[in-house]
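Trainee: Got a structure here, written out as structure tokens. Questions coming.
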Amino acid sequence: MKTSSDLGILVIRVLTSVLMIFPHGWSKLINFSSKLNTFPDPLGISSPLSLSATVFTEVFCSAAIIVGIKTRWAALALFFTMIVAAFVVHGQDPWMRKEKALLYAVVYLGLFFSGGGRYSIKD
């Protein structure tokens, strides 16, 4: 039973994180300089810092989750990013615009509680 749960966590970890990196994080990373001064600043910390934090979570925290390094911390950072995206950046948008960020947030919250499972490098 434990093996099937760990395999389930592995599948969720890897596939959700790949879907976050490509296209979300990767497009921000490769277009970093062109987005630097126009990226939304939902927390009032500056567009460059907001973009840097978003790229860090969407690319590097996702990569950490894929390999299972500090899964709980990376998932918590991504959960926060997705909550900000849903309720602050897209706060005035219709539900369907928020839904994707909230679905990601639910998965990251689950990973925060479950951890990386047996098939992770260091939880």
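Trainee: What number goes with the only condition from (1) part of a helix (DSSP H, G or I); (2) at pLDDT 95 or above; (3) of a type in the set (S, T, N, Q); (4) over 9 Å from the mean Cα position of the chain (by Cα) that Thr16 does not pass?
Mentor: Going through the list (1) part of a helix (DSSP H, G or I); (2) at pLDDT 95 or above; (3) of a type in the set (S, T, N, Q); (4) over 9 Å from the mean Cα position of the chain (by Cα), Thr16 breaks only (4).
Trainee: Do you know which residues across the range 32-49 are touching a Pro at 6+ places or on another chain (Cβ under 8 Å) and part of a loop (DSSP other than H, G, I, E, B)?
Mentor: The first filter runs over the range 32-49 and keeps only residues touching a Pro at 6+ places or on another chain (Cβ under 8 Å), leaving 36-37, 39, 47.
Residues satisfying the conditions are Leu36, Asn37, Phe39.
The values are calculated or read from the model by the stated rules, or taken from the named source; none is laboratory data. Being a predicted model, the structure only gives us computed values, none of them experimental. In this analysis, Cβ positions are derived from the backbone assuming ideal geometry, glycine residues included, and neighbour counts consider all displayed protein chains.
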